[in-house]
Amino acid sequence: MCGIVGFVGKTNCLPIVYNGLETLEYRGYDSAGIAYIYNNKINIIKEKGKLINLKDKLDFNISSKIAIGHTRWATHGNANKTNAHPHQVGKFTVVHNGIIENYIDLKNKLLKKGYQFKSETDTEVISALLDYNYKLEKDILKSINKTKNELVGSFALGILCSDDIKNIYALRYSSPLILASFTNGNFLASDIPAIINYTNKYILLDDLEIAKLNEDKITIYNKDLKEKKIKYHIFNGEKTSVQKNGYEHFMLKEINEEDKVFKETINSYFDGTLKSLNENFGFLKKYKKFDIVACGSAYHTGVIAKSLIENYANIIVHTEVASEYRYKKCFYDKDTLVILVSQSGETADTLAALRKAKNDKIKTMAIVNVLDSSIAREADYVIYTKAGPEIAVATTKAYVSQLTIFSLITLYLAYINNNLDKIEINNIIKDIKLLPKLIKKEIKNYQTYYNIADKIYHNKQIFFIGRGLDYANSLEGALKLKEISYINSVAYQAGELKHGTISLIENKTPVIAIATDELIIDKTISNIKEIKARNAYVIYVSNTKPKDIFYDDFIQIEKVHPILQSILTIIPLQLLAYKVAKNNKCDIDKPRNLAKSVTVE
Ligand code: G6P
């Protein structure tokens, strides 16, 4: 949440910082601001709303060589100009990603010392605390160090001090921050897209380390303010992965990459032989229970995995959203593996759940997309999904890559527990090979889903129903639709509708009914008939053409083994949500109130 960028170098920095912020807007877009040094003075420009609102206010031709910028996802105080970052108090100007939990106590202390505050933010308190500590310590590094020890919460900070107009200082704890160098200067940023046009080499700042950047070099200080040797990491992805490449939206581009993402994720762990699965997932044998913990769509992949692993591998799986799991009593023991699923690897609640398990000496495994992200670094085992950078706030291809990993894990666990015979295993392997083609075929069939979207986009509410695995698919279908189109879309277990929700069905209320599991397909069809009898507008999504017509529209999806089926089920639902949002003129890649990387609790 919130994107920060800083640059100091030999070249005009405002275009660099502004362009960097553009690539990080997925992290928040409630307001934006830049502080830059010009005429030996710190100047601040900020605006409410998206970054574009800042563009006209900036003079990109002035020769400023040092700046920090911010794009905000509001936590403390409204999304207005006063609360926009950077925040300046006394000699310190700060951009911040994270949350300071003890900011009220700190603010009260600073008010007593005579400080005054203009905004409602926790960030302004950091600026004041830095200024106060600077007065005591008379040294910038020492002041930052003292401040760091007084802050409780999460923070990635870019800091300017008016007594030192040649350096940017940075600090992080539990919020992401990378540093990078190129011939013309040095960067700090929340994420790789901000630097990728200049370099693919970056440095990861560790928790509680402080960095100092000037036009010549980056210096990192450890917890004891001792200089630390710098270690570079290389980003291997392509530059074009953070560009739209002719697509109207990142979301559409990313859906169109799903066949490639599936292939790359499979190829990283499976060469067609069970031996390769054993090499990559052999460590799972040690565990008798799994707790899968995640947020949002990643949580939905955990709901699907629970159904698959329990059915096919006979292993107990408990799936829970991270914000609940982190505060509840957990019945895990040494036989339990806690699996954290996260695209960004930075989601605050998922990270906290991981730390809780580690604290209780329970082993953890991360299924993560972003290399070296916090969750990846802290888990005992890491399995990387190969989705590449995902920019649209609503996840699509990363979701598919997470499902792909769970398919492989299910196959492996089912195999070692002797729950699948040879023929079934061979059929699954055949389906794995076929899947990229089938994914492509479904994407190519987009006009069918778009036509349906054109019929239902004006509705105020849309229901999704399904049983078992298809209920899990419904959860994700409903989330995709609501998050980008703002239509109230809710998922229900098909059999549960008549216990209350059916009263909401009116003439032509759209119901998207999913039925792919042949064992219970007839049961779901009976439930659909019940709602059809109440004049719902039924969109039936299935891998099997039914014998009679009980629907208004039919989306036929490809049929594969249930271990892989959900990957194909979600594609029409993603494209349907996309077109509904487009018809409603919503900001598809940056939906209202959301952010991609949720680094606050
Ligand atoms: C946000 C995103 C979702 C994502 C969730 C978890 O809400 O908008 O698309 O599923 O966070 O994010 P993670 O990075 O942990 O997968």
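The figures follow:
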read-out	value
DSSP H segments from the chain that extend 18 Å or more along their own axis, Cα-based, with Kyte-Doolittle mean of 1.0 or above	397-416
Calculated FRET value between I62 and R377, using beta carbons and R₀ = 35 Å, to 0.05	0.35
Likely footprinting exposure, L519, L129, L434, fewest C-beta neighbours within 10 Å first	L519, L434, L129
Added length on full extension, which subtracts the Cα-Cα distance from 0.36 nm per residue, K289 to T219	20.7 nm
Residue exposure sequence - T199, T364, T569 - by fewest surrounding Cβ within 10 Å	T199, T364, T569
C-alpha center-to-center spacing [region 114-144, region 73-108] in angstrom	11 Å
Spatially proximal lysines relative to K109 (Cα-Cα < 24 Å; intrachain offsets below 8 disregarded)	K91, K118, K135, K138, K142, K146, K148
Separation in nanometres of the label points that stand 7 Å from Cα toward Cβ, at K441 and K244	3.2 nm
Least to most buried among D470, D553, D59 (fewest other Cβ within 10 Å first)	D59, D553, D470
Dipole magnitude of region 243-444 about its Cα centre (Cβ charges: Lys, Arg +1; Asp, Glu -1), debye to nearest 20	280 debye
Computed [θ] at 222 nm, helices only, for the chain once each DSSP H run of length n ≥ 4 contributes -39500 (n - 2.57)	-11500 deg cm²/dmol
Entries in K444/K585; K306/K422; K289/K397 that, when Cα-Cα distance is taken, lie over 31 Å	none
Qualifying aspartates and glutamates (Cα of each under 12 Å from Cα of K328; at least 8 residues distant if same chain)	E320
Relative contact order (%) - region 243-444, alpha-carbon pairs under 8 angstrom, separation at least six	27 percent
Antiparallel bridges, percent of DSSP beta bridges restricted to the chain (to nearest 5)	60 percent
Ranked by how many other beta carbons lie within 10 Å on average, peptides 20-26, 405-411 from highest	405-411, 20-26
The chain: proportion of alpha-carbon pairs further apart than 45 angstrom, %	21 percent
Fully extended contour minus Cα-Cα distance, from I549 to A79, at 0.36 nm per residue	164.2 nm
Cα lying deepest toward the dipole's positive end in region 161-239, options N184, Y232, I220, charges on Cβ	Y232
Set of lysines with alpha-carbon distance to K65 below 16 Å, sequence-local pairs under 8 removed	K10, K41, K166, K212, K217
Net charge of neighbours whose Cβ lies under 14 Å from the Cβ of R534, counting Lys and Arg as +1 and Asp and Glu as -1	+1
Most positive-pole-ward Cα, A595, A313, I42, against dipole of the chain from beta carbon charges	I42
Electrostatic dipole magnitude of the chain [Cβ: Lys, Arg +1; Asp, Glu -1; Cα centre; debye, to 20]	660 debye
Charge dipole magnitude, Cβ of K and R +1, D and E -1 - region 128-233, Cα centre, debye nearest 20	240 debye
Label-point separation, E324 to I234 (7 Å along Cα→Cβ), nm	4.4 nm
FRET E, pair N459, L141, Förster distance 60 Å, beta-carbon r, rounded to 0.05	0.55
Relative contact order of the chain, defined on C-alpha pairs under 8 angstrom at six or more residues apart (%)	12 percent
Residue among L171, N197, S154 farthest towards the positive dipole end of region 113-260, charges placed on Cβ	L171
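A short reminder: the numbers here are calculations on the coordinates, not readings from a lab. Predicted, not measured: the structure shown is a model, and the values here were computed from it. Every residue, glycine among them, receives a Cβ derived from its backbone with ideal geometry; neighbour counts consider all protein chains shown.
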